[in-house]
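The structure appears right after this line, and notes come after that.
The values are calculated or read from the model by the stated rules, or taken from the named source; none is laboratory data. No experiment lies behind these values; they were computed from the predicted model shown. Cβ placement follows ideal geometry from the backbone for every residue including glycine, while neighbour counts extend to all protein chains displayed. SASA here: full protein model, heavy atoms, side chains in, ligands and nucleic acids out. Shrake-Rupley method; radii C 1.70, N 1.55, O 1.52, S 1.80 Å.
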Amino acid sequence: MSKTLNTPTAPSPTARPRRRFIPRPGPQAYLLLVFLAVGVVGTLASPYFLTARNLENIAVAAAVVAVLGVAQFIVIVTRGIDLSVGSIAALSTVIAAVLLRQGVGVVATIVVALLSCALAGLVNGVMVVYARITPFVATLAMMSIARGVAFIVQVGTLIVISNQQFMQLFGGRTGALPNVVLIALVVTLAAAFAMKFSPIGRRLYALGGNPEAARLSGLPVNRDTVLAYVTSGFLAGLAGLMLAGRLSQGSSLVGQGYELDSIAAAVVGGTSLFGGTGDPISTVLGALIIGMIGNIMNLVGIQSEPQLVIRGLVILLAVFLTSGNGIQRLRQGAAGFLRRPPAGERSGLMGSGLTAANDDAPTPSDAAAQQTTPRRTGH
Amino acid sequence: MANSALEVTGIHKSYPGVQALRGVDLRVAEGEVVGLCGANGAGKSTLVKILSGAEQPDGGGIAVGGEVQGLATPHAARQAGICTIYQELSLVPQMTVLDNIFLDDFRRRGMVVRRRGLETVARRLLGRLGADVDVHTRVADLSIAKQQLVEIAKALKSEPAMLLLDEPTTTLPPRDVEALLSLMRDLARDGVGLIFISHRLDEVTGVCDSVEVLRDGRKVTRFDRPPPHHEIVRAMVGDRYENSLAAAAAEGAEGKLGGVAQQDVVLEVDGVTDGARLQPCSFQVRRGEVLGVTGLLGAGQNELAECIFGIRPVTSGRTIVAGRTVPPNKPRKSIAHGIGLIPEDRKTQGLVLDMSAMKNMTLASIDRFTSFSMLQGRREAAHARRFVEELQIKCSSVDQRVRTMSGGNQQKVLLARWLTRDSRVLLLAEPTRGVDVAAKEEIYRLIRRHLRGGGAAVVVTSEVSEAALCDRVLVLSNGRIVAEMDHDQIQADHDGFLAHLR
């Protein structure tokens, strides 16, 4: 976890600013703070919250969203968005259920399901890169297509999965941990590692940060973008298999709204929709925070309608704190209020009006540059 | 003594890791033009940001027209009577000139847009600037020079007491620079106080009543009348003066960028054209040679560079590097063949602003720092640190984001990217634009280093004096190569050289 607290923006020891006594923590630190705060609230709200069984429930429920969140993150970091992850997950459950019913082996089933979903991702990527359709529209179309295909393949209502091997793999447990949690953990760590230490991770951050600069530096921008969508489709397929294992069925109706949950996880985790920032571990933390809040509200016995409202508010708050430099702004505002400065020297909330997210020393020209960038690089 | 339009006392400002301003005083009288000079990182931009309300000082006072003001926001600064023209324009390209001029002033529009009245005002403002612009044109369809005038018209509309011009002339062609400078004199005559920032010292000494020099966040010198250039340069660079070639050049010594050309041709451009603005262009560059390509703004020199690198579609012609033909229209292939581009606009085309200096340096050579599919972080950092030291890049560490670095240092990071890749041919588009004299010399030093290492360079520049430093110069006019002169010819016949610029 310390990796997330020391992401690239952290200054090296030799560079620590002299006049600051307490180093200012990065956005990820606030995320962890929110995570712990929600945990404390849960503990206070219900004695049942901190039991092993409940925590396991949270983890299992969050595992699917976590994997989808990672899939979403990989696309968002390239300035894209993938609205089709929920539908692709549903397609995956149906393909798996149909194949297993036909008596196809578990390994072959998994391979076929994942490859089909990766293919759907490939179509997304090709549409975005070569047909120049904006990611929102291209994946919106795929969202509809994938669910439609799932309906067609399924023929009729949901298909029950009775293959014990498959159920053991995606519904069982290894040691103390449910397998889905293990899978989510492995996916998260692998993605975090790849984003930080592999060339493809560096290239994705670069092309999300400034596509034009990446292209003019000779990076294979088109290929990498397609790869991001393929990976997203693949991971959505994996999430689908996890869902199938949990529900022991394949159905074209599952996973509705998961595309939005995955975006919420990424965004609560501090990922900017403008690309080039964030990291998988923070995204998964975001998924866990959302999952915990839902769990707490269930424990306390809040109706499902107010739950939606509260969840929305919490997402806003978390995003304000993590990516909007919220704490810093609140602190500035409070300082300005307490100090009551003389008329000649005012400061306060408005002073940071131009502050871009996560910016140490923003300049007006930077703000202008940020405004012009999308224009220049847009199709 | 005239009343002061602006009085700044003891301004302090620090950023994480940097003390940007350490107690700066500045006084501008009504009707006075004050030139503000300083190397990159001297604190000019910070001072401008504070005066324009974009940043808050840590301490000190600001008085406009004798009244103490807190400039909490850019809007408050405008209300107080300080208008700022930035180098990067802040216009909405999709909107018309008229809408842009009145973008920040809805009061005049009332509930119903009184177009006719606004048009008259807009026309008068533009007329005062000598700008021949139809108020109904979309800003995106205007040249940069005209956009600049629209920006100034927008500022003048509120009759400011103080006008800050932060490198307004950088992107203007010479004729429009003249017009702007004389306009500044007119405004001063009307009682407006002006602060003028420019890296071109002849402009500063030509238009200003007095010159203030900042160095390392302090005011070091105030000249009450424009001094000779070398005195300003001396004040700007301080101790580094003695070994600064810039200062030598300013005192009239002869500067030269190349001088180590060998026989073998590295880059051959054969009839390259984009089928539109650029006529077929052919030339050769030898190993160790630096070729200047110049022309007036929009003469086609940047288009030529873009065609060679593969950004701008080439309809016919070939580019050959070291005997191998480069597939056209693919920057990736151009890079693989050993061409590196320092683009004209480093912020949008060159740098990933939110990435660290290190990651920007190694961006074109990621494979070099990869083994077994993993980035070698330690090797990468060591390499970056060596370059930071060698190129004297000012940063708190190699992990500093380039967004927070000054223009000159950003440019060095870009140079480091191609030096890291060992590119044979460097294409440099306006390499020293928006960069101070000291950093300019640093960049020249790096180009020389590249040439001595057996590389070749093409410097595309609209600064005639910069082109004149090269071994050989091509002059473009209207998309055509109209002249080719070598260094000695230019030195012997400067007027003849300038005559080609049309």
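Each label point was placed 7 Å from the Cα along the Cα-to-Cβ direction; for B:Arg324 and A:Arg311 their separation is 5.5 nm. Close amide H contacts of B:Leu291 (hydrogens built in the peptide plane, cut-off under 5 Å, sequence separation of 5 or more or a different chain): B:Ala457, B:Val458, B:Val459.
If we count every other residue with Cβ under 11 angstrom of A:Val64's Cβ, Lys/Arg +1 and Asp/Glu -1, where does the sum land?
My count for the surroundings of A:Val64 gives 0.
Remark on B:Leu476: its backbone amide H falls under 5 Å from those of B:Thr294, B:Gly295, B:Val482, a criterion applied only to residues 5 or more positions apart or on other chains, H modelled at 1.01 Å from N. Near the amide H of A:Gln249, within less than 5 Å, lie the amide hydrogens of A:Ile161, all on another chain or at least 5 residues away, with H placed in the peptide plane. Take the Cβ atoms of B:Ala140 and A:Ala190, set R0 to 45 Å, and the FRET efficiency comes out at 0.50. Derived scalar couplings between HN and Hα for the stretch B:283-294 equal 6, 10, 10, 8, 4, x, 9, 10, 9, x, 10, 9 Hz in order, rounded to whole Hz, by the Karplus curve 6.51 cos²θ - 1.76 cosθ + 1.60 (θ = phi - 60°), x for Gly and Pro. For B:Ala456, neighbours were defined as the other residues whose beta-carbon sits under 9 Å from its Cβ, and their charges (Lys and Arg +1, Asp and Glu -1) total +2.
Taking every C-alpha pair closer than 8 Å and separated by at least 6 residues, the mean separation divided by the residue count of the stretch A:25-327 gives a relative contact order of 37 percent. Take the Cα of A:Val107, step 7 Å toward its Cβ, do the same at A:Gln165, and the gap between the two points is 0.8 nm. Only Lys, Arg, Asp and Glu carry charge here, each on its Cβ (+1 for the first two, -1 for the last two); on that basis the stretch B:4-244 has a dipole of about 580 debye about its Cα centre.
Which of the residues in the stretch B:343-368 lose at least 40 Å² of accessible area when you go from the chain alone to all protein chains together (probe 1.4 Å)? Buried by the other chains: B:Lys347, B:Thr348, B:Gln349, B:Val352, B:Met355, B:Lys359, B:Leu363, B:Ile366. In terms of accessible area, using a 1.4 Å probe and ignoring ligands and nucleic acids, A:Leu316, B:Leu419 rank largest first as A:Leu316, B:Leu419. Here the translational diffusion coefficient of the protein assembly as shown follows from Stokes-Einstein with Rh set to the Kirkwood radius across Cα pairs; for 37 °C and 0.692 mPa s it amounts to 110 µm²/s. A Förster distance of 51 Å, applied to the separation of the beta-carbon atoms of B:Asp486 and A:Leu115, puts the FRET efficiency at 0.25.
With the cut-off at 1.5 for a/c, could you classify the stretch A:25-327 from its C-alpha gyration tensor as rounded, prolate or oblate?
Note, shape of the stretch A:25-327 comes out oblate.
Heavy-atom accessible area, probed at 1.4 angstrom with all protein chains present, ranks B:Asp495, B:Asp471, B:Asp399 as B:Asp495, B:Asp399, B:Asp471, highest first. Label sites at B:Thr120 and A:Ala52, each approximated as a point 7 angstrom past Cα along Cα to Cβ, lie 8.6 nm apart.
Taking a ≥ b ≥ c as the square roots of the eigenvalues of the Cα gyration tensor, an a/c ratio of 1.5 or more together with a/b larger than b/c marks the stretch B:4-244 as prolate.
The helix-only estimate of mean residue ellipticity at 222 nm for chain B, built from DSSP H runs of length n ≥ 4 each weighted as -39500 (n - 2.57), is -9500 deg cm²/dmol after division by the residue total.
Between the stretch A:239-317 and the stretch A:114-143, what's the alpha-carbon centroid distance in Å? Using only Cα atoms to place each centre, the spacing works out to 23 Å.
To the nearest 0.05, what FRET efficiency results for B:Leu103 and B:Thr9 with a Förster distance of 45 Å applied to their C-beta separation? Computed FRET efficiency for B:Leu103 and B:Thr9 comes out at 0.85. The interface between chain A and chain B buries about 4300 Å² of solvent-accessible area in total (1.4 Å probe, ligands and nucleic acids excluded).
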